[in-house]
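Participant: The structure that follows is given in the form of structure tokens.
The values are calculated or read from the model by the stated rules, or taken from the named source; none is laboratory data. This is a predicted model, so every value here is computed, not measured. Here the Cβ positions follow ideal geometry from the backbone for every residue, glycine too, while neighbour counts run over all protein chains shown. Heads up: the accessible areas ignore ligands, DNA and RNA and are worked out on the full protein's heavy atoms, side chains in. Shrake-Rupley method; radii C 1.70, N 1.55, O 1.52, S 1.80 Å.
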Amino acid sequence: MTLFSRADDPWSHRTRIVLAEKSIHVETIDVQGGNLPEDLLDLNPYHTVPTLVDRDLVLYDSRVIIEYLDERFPHPPLMPVDPVARAQFRLALYRIERDWYSLAQQIDDPSDRKNGLKARKILRDSILASTDVFKAKPYFLSDEFSLVDATIAPILWRLLYWEIDLPPQAQPITKYANLLFSRPAFRHSLSRTEQEMRA
């Protein structure tokens, strides 16, 4: 199994978190910026990361990859068994990707600094608006770590790097973040670039 991954990319990071949580051995090929390996150009028509190759199967959407990994390697399960809860978690994934990950892309875009500053404020406000949700359970609406947590963790890890400070009333979010960051799988998932974001 091979993963094409970028060291500073939240989409790649969440995939690496899921791989680490399930103790899946994978060869990781680090893709630098626009310098794409020939294999990736051949395998993925969109030339994006993360891209996972598992024998003859090639997957190149982060959400498809993490759900595939959860189904192919069912232990530990990272999605609820109950269809209603599962649908709620999928909706949460959709909202986080649409709201937070799209803002992360704007923040990381060096060509539009003004838009990046605006995106920082919107992301901060959006995370703060979710404080009560993080207060409800140890993990996101659950007593167990899930794909939703694996998706939130890369965003929270990057807040300091993006110079986004959370106020004292965000203590439930900080507590939740520290719980995620203390997991051995999370520490294992970090690239050297990501480690340096909070050095």
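Participant: How many of the residues in the stretch 30-47 are open to solvent by less than 50 Å² (accessible area, probe 1.4 Å) and among the hydroxyl-bearing types (Ser, Thr, Tyr)?
Facilitator: Here the count works out to 0.
Participant: So which pairs qualify, if the first residue must be in the stretch 98-116 and more than 20 Å from Gly33 (Cβ to Cβ) and touching a residue at least 24 places away in the same chain (Cβ under 8 Å), the second must be surrounded by 13 or more Cβ atoms within 10 Å (Cβ to Cβ) and not aliphatic (A, V, I, L, M), the Cβ gap must be under 9 Å, and the two must be at least 6 apart or on different chains?
Facilitator: Once the first residue is more than 20 Å from Gly33 (Cβ to Cβ) and touching a residue at least 24 places away in the same chain (Cβ under 8 Å) and sits in the stretch 98-116, its partners that are surrounded by 13 or more Cβ atoms within 10 Å (Cβ to Cβ) and not aliphatic (A, V, I, L, M) give Asp99/Ser126; Trp100/Pro10; Trp100/Ser126; Trp100/Thr151.
Participant: Out of the residues in the stretch 56-86 that are assigned to a loop (DSSP other than H, G, I, E, B) and within 19 Å of the chain's Cα centre (by Cα), which is farthest from Leu156 (Cα to Cα)?
Facilitator: Here the answer is Phe73.
Participant: Residue by residue through the stretch 185-199, note down the ones that are touching a residue at least 12 places away in the same chain (Cβ under 8 Å) and either in a helix (DSSP H, G or I) or more than 15 Å from Ser12 (Cβ to Cβ) (or both).
Facilitator: Ala185, Phe186, His188, Ser189, Arg192, Thr193, Glu194, Met197, Arg198
Participant: Residues in the stretch 87-102: is at least one more than 18 Å from the chain's Cα centre (by Cα), of a type outside the set (Val, Ile, Thr), open to solvent by less than 80 Å² (accessible area, probe 1.4 Å) and modelled with pLDDT of 95 or more?
Facilitator: Yes: one or more hits.
Participant: If I ask for residues that are modelled with pLDDT under 95, surrounded by 15 or more Cβ atoms within 10 Å (Cβ to Cβ) and small (Gly, Ala, Ser), which ones from the stretch 103-126 would you list?
Facilitator: The answer is Gly116, and nothing else.
Listed here are the residues, each with its yes/no results for (1) without any contact (Cβ under 8 Å) to a residue 60 or more places away in the chain; (2) surrounded by fewer than 18 Cβ atoms within 10 Å (Cβ to Cβ).
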site: Asp9; (1), (2): yes, no
site: Val18; (1), (2): no, no
site: Thr28; (1), (2): yes, yes
site: Asp54; (1), (2): yes, yes
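Participant: Can you tell me which residue is nearest to the chain's Cα centre (by Cα) among those in the stretch 127-144 that are in a helix (DSSP H, G or I) and surrounded by 15 or more Cβ atoms within 10 Å (Cβ to Cβ)?
Facilitator: Ile127
Participant: Applying the selection to the stretch 154-196, what residues are among the aliphatic types (A, V, I, L, M) and either open to solvent by less than 20 Å² (accessible area, probe 1.4 Å) or farther than 27 Å from Lys118 by Cα (or both)?
Facilitator: Once the filter is applied, which keeps residues that are among the aliphatic types (A, V, I, L, M) and either open to solvent by less than 20 Å² (accessible area, probe 1.4 Å) or farther than 27 Å from Lys118 by Cα (or both), the stretch 154-196 yields Ile155, Leu156, Leu159, Ile164, Ala170, Ile173, Ala177, Leu179, Leu180, Ala185, Leu190.
Participant: Considering the stretch 40-52 alone, what residues qualify as being without any contact (Cβ under 8 Å) to a residue 12 or more places away in the chain and either under 22 Å from the mean Cα position of the chain (by Cα) or closer than 20 Å to His25 by Cβ (or both)?
Facilitator: Correct list: His47 only.
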